Every structure is written in structure tokens, then in C-alpha cells.
1. Read through the list (1) assigned to a loop (DSSP other than H, G, I, E, B); (2) among the hydroxyl-bearing types (Ser, Thr, Tyr); (3) more than 14 Å from chain A (Cβ to nearest Cβ), then give the number of the only condition that residue B:147 fails.
2. For the subset of the stretch B:85-119 comprising residues that are open to solvent by less than 10 Å² (accessible area, probe 1.4 Å), of a type in the set (Ser, Thr, Tyr) and at pLDDT below 80, which member is nearest to residue A:95 (Cα to Cα)?
3. Mind checking which residues of the stretch B:154-181 are more than 10 Å from chain A (Cβ to nearest Cβ) and open to solvent by less than 10 Å² (accessible area, probe 1.4 Å)?
4. If I filter the stretch B:313-353 down to residues being among the polar types (S, T, N, Q) and closer than 25 Å to residue B:473 by Cα, which single residue comes out as most open to solvent (accessible area, probe 1.4 Å)?
5. Open to solvent by less than 10 Å² (accessible area, probe 1.4 Å), in contact with a helix residue (DSSP H, G or I) (Cβ under 7 Å, 6 or more places away or on another chain) and at pLDDT below 90: which single residue out of B:450, B:409, B:404 fits that description?
6. If you go through the stretch A:57-83, how many residues are more than 30 Å from residue A:47 (Cβ to Cβ) and in contact with a helix residue (DSSP H, G or I) (Cβ under 8 Å, 6 or more places away or on another chain)?
7. Do the conditions hold for residue A:120, that is, is it touching a helix residue (DSSP H, G or I) at 6+ places or on another chain (Cβ under 6 Å) and surrounded by fewer than 22 Cβ atoms within 10 Å (Cβ to Cβ)?
8. Where in the stretch A:94-185 are the helices (runs of 4 or more DSSP H), entirely inside, with at least 1 residues that are without any contact (Cβ under 8 Å) to a residue 40 or more places away in the chain?
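The values are calculated or read from the model by the stated rules, or taken from the named source; none is laboratory data. Here the structure is a predicted model, which is why all the values come from computation and not from measurement. Methodologically, a virtual Cβ is constructed for each residue, glycine included, from the backbone with ideal geometry; neighbour enumeration extends over all protein chains shown. Heads up: the accessible areas ignore ligands, DNA and RNA and are worked out on the full protein's heavy atoms, side chains in. Shrake-Rupley method; radii C 1.70, N 1.55, O 1.52, S 1.80 Å.
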Amino acid sequence: MTTPTSVATSPDDGRTALAALRRRPGELVAALGVLALGIFVLVDTRTIVVPGSANTLGPRAFPYLVGALLVGAGITLLVGLARGRHGEEEGGEDVDASVPTDWRTVALLVAVFLAHVLTITTIGWPLAATLLFGGSAIVLGARPWWRALALGLVLAVTVQVVFGGLLGLSLPPGPLFESVAVFRG
Amino acid sequence: MDNLAALLDGFATVAQPQYLLYALFGVFVGTAVGVLPGIGPAMTIALLLPLTYSLDATAAIIVFAGIYYGGMYGGSTTSILLNTPGESASIVTALEGHKMARLGRGAAALATAAIGSFVAGTIATVALTFVAPVVARWAVQLGEPDYFALMVVAFVTVGALLGSSVSRGLAALALGLFLGLVGTDTLTGQQRFTFGVPSFADGVDVVVVAVGLFAVGEALHVGSRLRHGPVHLVPVERGWRSWMRREDWRRSWKPWLRGTAIGFPVGTIPAGGADVATFLSYATEKKLAGPHRAEFGKGAIEGVAGPESANNAAASGVLVPLLTLGLPTTATAAIIIVAFQSYGIQPGPLLFESQSSLVWALVASLYVGNLMLVVLNLPLVGMWVKVLQIPRHYLYAGILLFGALGSFALNFAPVDVLVLLGVGLLGFVMRRYGYPVAPLVVGMILGPMAEDRLRRSLAISQGDLTTLVASPFAATAYGVMALLLVAGLWLKRRERAAGAVTSGHSSDDTSGHSSDDASGHASDDVSGPASGSEQDAGHDPGSGTRPSHAATSEETNR
């Protein structure tokens, strides 16, 4: 919460109470997630095999503690939320708290990232990295689109030559650059 | 005396040309990532870990030390010129520093911050040189329960004192502890929470978690609320003459020394790290400012000199428990521990004996790095300003690219990059709903060590739980922890009050000066200092129900 609109720290304020309400579902899910993970940890800990040779404190004790801490934190969070205590979104130099959340950008960034993961082995690291850089820059507002892709390609090839070629990281060059010697360590 | 001899050996190591180059590379990269929003030293070191496996341990540690120190210097440049601090430790610098920059005294603010950082960094490194071996010698006598007590103290203080909400901090800590559990139990060889996935048998890689939280999470979060349009910076006057006038020196040197005296001890105890130190220093300077007190909130040089020094001194102080006890008290320190471990080195009391040459080379590189930083920083301000102006879409695209590269380079398996995305989404959710990220990292790294200590303690005592509090040290540690908690929560109130006063001033100031801001981004100016105070103010259980300005004035009156 950074800018004046973020006076949202005060749920009393009519305008901001609305904003808080809008954010409540997600926060509730986050708190429930903590609680659910805690319950899962407590239940799943019972399946950890305790060998006969185990010391006084076996492999289950610490997980039980962690599960209990998660459950405790989750319950405290839920109680806090019910009383209207909301989390403060983290601020930052480039975070504009006055604009509504742009879910489309987040979804597209995730999609671009997934595409990168899936293509590393098929089209090779340099092209997959070009896709990642160009794609996310365009999603974040880089124009014209071809400049973002060109910059991405230059950056990716540089990284490939420096880290793959010179430092010997085995980044897969992919079919297109397979024959270029400097791209392989 | 043999410490000095060892330190001289360390200098001899660092003076070799290739290590000097590594140190230069480290401070350079560190300053760059400190200047750039969105990335910090913790993430950079995590990212570089897989890429520096080909270096020898000394070279890698020197690079990481440079990044650690450089990040501290770089942060002040950003907060003075951009007034939207990245790390909480530089919020205070933004309060006064940005006001100075707007009054046309930006160069003086940058200079007092840099020189103050140098003075503090050097004095604190000297203190580290003498304090650390003493602590290490004493720490050798600590038993398993004592270490466990120390770790519990670190957990509680990092979880409850970092960030603004205690329950969210503890939730993040517990998440980190859970991630630390995933993998094969070291004592019994049993798999825990691996979900039958083979790549989880070795545990979730810390590099993936750190990069995912700090890089991918941050990029997604910024993407969700990107501040569009060009980056607004306060122009800095050119030329040596404008850096520091005689008057500025006269007003700065005492705050430098006081900041150091506050920062180093605060850094050594696990009490929330550098931000507590900066706020304490700010409050002290304000109290002692005398005739200049009225300038506070409008650009008082003492308010930059003191906190910046405290910030750097605390950064050195953090190294004391890190090197002598293996106890990380900040996210960056936790990553540095991982860096040591990746070279098979376990920080702890024996480090000064078993890896003596490495440790002293590290300490020597801190002296050298400080010198490099003060030389690099001031003349290169123009370049850092350019770095700050990188278009944000390219900056965050680049962060994503290098994050993906770092994770892929771990095992050259795309699945690591997929896990990175998952952790990134977690980081996004955490940022969005106000869960601090640092406790997660500390919990994940320190968790397995704590479990180890706990189980060994109880194995020795044959299950007798009283062994955990039986030793005087452990009992004292738990007692001090209770005190720290009370003191820490009290300090948070003070911080809020300090921040609130200035944020009040800043909004007055903005209305007066908004003509400077051609682009209608006047609101940007309040955002920096206000973010600090509001983040905390909103979190006070109970006080979160008033409009913030009403809340702030009440805080002040109290």
C-alpha cells in the first residue's frame, strides 16, 4: 500500500472498505491455504516411516511442530481477518497501489513463462529465452513488439555465448544453433 | 596479535590481481542491483550461486561479500533520487535524502550517504575483526541445546519482528520450515513430503526458492500494478564542489559515528536487522539535532548521514553471528550461508580455525570493497542514474530471464524452472496479501539445522526435555528473546511514530513543491515515506481502523 489511495490501511473509510472487501476473497483463500497446509502436514506426518533405529526424537517430531505452527498461524490469520485486520500489500519502487490489479498481465506473464519452460529442450535455450524476455517485455508494455524480441535475442545469444560457451554451462543450443561452436561449452 | 597476522594474510590474498577483480565485480554488481528496484543482494547471490560453481571458494565468497556491501550502497542512491525505497532499511534515507535532492542538495545527500557508509563500513569491519574471533572462541563451548535456543530466538525475532504483521510473519516462517522439511531426513534416511516426486528427494533447492520468491514473485507483483510512464528522478547537480560543503562535513561526522555505534551492535543481535538500526539512528539524530531539528522532515543532512551509517554498520554486524555461530538473521545472510554450504563450508565457531585463510580473506575483502565502493559510487552517480532509468518492462523481463537461467543452470532440467514458477506464484500471493518473504527464506535454511540440533540434544539427554533450558546460556537466550520481542514491538511503535511525523511533513511539502513535478506524478513523492509508515500503521492490531493521517497524529501525540 503505497500511494494516497492506500490510505486503505483504514477499513473505516467508506471508499477503502470497499477495496478491502474486494480483496477479502483472496486473503481468505491465502489464510485458508496456510491452515489447510498445516492440517495436511499433521496428517501426512503420520505416513513418515519411523525406522526402529530412530533416536529419541524420530523423523516425525519436527514435522508435527511445523504442522502445529502452520495451523496456529492459519487460525490466527482467520480470526484476524474476521476482525477486519487485513494484510498490507507490499509496496515498491515500481508498484502503483492506486491502479487496480491487472490480472491479465499476471496471467500472460505466467503463460509466457510456461511457454519458456516447455520449449527449452525443443527449440533450445537461446530461442526459449528470447521468447521469455520478448514475451514478458511486450506483456509489460514494451513497444514496438519487434524491438523487445530483437533485444531478447541479443541478450539470449550473449548469455549463451558467455555462460554456455565461455563458462561451460551446458545450456542446450537447440537445433538452430547446434552447429555454432561458440554456443557450446 | 595472531588475528592481525591472519588479517594481513587475508589482505595478501585479496591483493592478488584476480581477487581484486572479483571484488570489483562483486561491488559493481552489488551496487547495480542495489540501485535497481525489484532485485536485491539476496536474490543476486542466489542467482549467481549456480553460475559461480566454476570459481574457487575464496573467489566466490569475495564476490558475494562485494554484492552484500554494494547492495547497501546502491540502495541509498535509489531512495535519494527516486524516493521509493526498495529495502525497508533505506526508508529513512528517503525521508530526508529525497527532500534534500528536491532542494537541489542531491549531491550532498548522496555524498554524505556514501562517505557515511564508508566510515561506518570500515569501523564496523574493524569491530568485526576483533569481535568475531572472540565470539567464535566463546561459541566453541556452546552445546547442542544452546544452538537450538539461538535458532529459536532467530526464528521468533525474524518471524515476528520482520514485516508488519506478527501472524503473517509466523505463517511465512512456518511455510519456510515446511519447505525445509521436504526431502530425505538426514538422520534416518526417510523421505518426507516428497509426494513421490524423485526430484524432491534431495529437497527443494534453496536457489529455486530464493530466486522464485525474490525475482519471479516480485516481477509478477510489479506486473500486476505496474507504474506506467517514464521514471521520474530528481536531477543531481554536477561537479565536485557541490558534494559536501564545510558545513555539511561539520554536521555529518557525528551522525556517522553515532550511526555506526548504533548499527553494529543492533546488527549482531537477531533483532530485525538493519531497519531497526536505521530507525533508531534517525530517532537519535532528530533528538540531538539541536538548532537543526526544525529541518527534519524537510531535508536534514543528519537524517541521511546517521541512518545510512547505521544501515552499513548493521550489515557488518550481521556477519558476526553469521560467521561465528552460523546463525543468519536476515534473508541475505541466510543465502550467504547457503553459498558457504555449496562449497562444503559450514559457518560456525570452528570456521575461524578450519577455514582461517578464507575467513580472513573475506574480512580483508570487506575493507577493500568498502574503499572501492566509496571511490566508485560518487564519480559514477551519473551512470547509476542511467541504470535507474532502464524502462521497467525491459528491467522485469530481464529479471525473469536471469531467474529462469539461474534455476535451469542448477541441474539443466526444465522441471526446476517449473518449480521456480510455482514458488514465484507463491511469492506473488505473499506480497499481495502482506506476508513477509524473509522469514520464509530464513526458516527454510535454518529449519533443518534447528531440527538437527534439537534431535541431537534430545538424543544426548535421552529424551529429557528439560535439557533444552538446563544450560545457563539457553535459559538466558530464551529470556533475552522475550525481552527482544517486547523491545522490538515497542520499537515498531516508535518507528511508526517517526515515520508518521515525517509522512505528515512530506505531504505538506509535496503540496508546496508539486510544481517541480511536471508530469502530474505528485503523488509519487509521498509514496516513499508514507509506504513505510502506513505499512506499519495499518498493522497495529486495533489501530488499523482509522484514516491514516488521523492515526499518525495520534501516534505522534502519544
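1. (1)
2. If we take residues in the stretch B:85-119 being open to solvent by less than 10 Å² (accessible area, probe 1.4 Å), of a type in the set (Ser, Thr, Tyr) and at pLDDT below 80, then B:90 is nearest to residue A:95 (Cα to Cα).
3. Selection gives B:154, B:157, B:158, B:160.
4. B:346
5. On the way: B:450 fails: at pLDDT below 90; B:404 fails: at pLDDT below 90.
B:409 is the lone residue from the list that is open to solvent by less than 10 Å² (accessible area, probe 1.4 Å), in contact with a helix residue (DSSP H, G or I) (Cβ under 7 Å, 6 or more places away or on another chain) and at pLDDT below 90.
6. 2
7. no
8. On the way: elements: A:103-123, A:125-139, A:145-159, A:174-177.
Hits in the stretch A:94-185: A:103-123, A:125-139, A:145-159.
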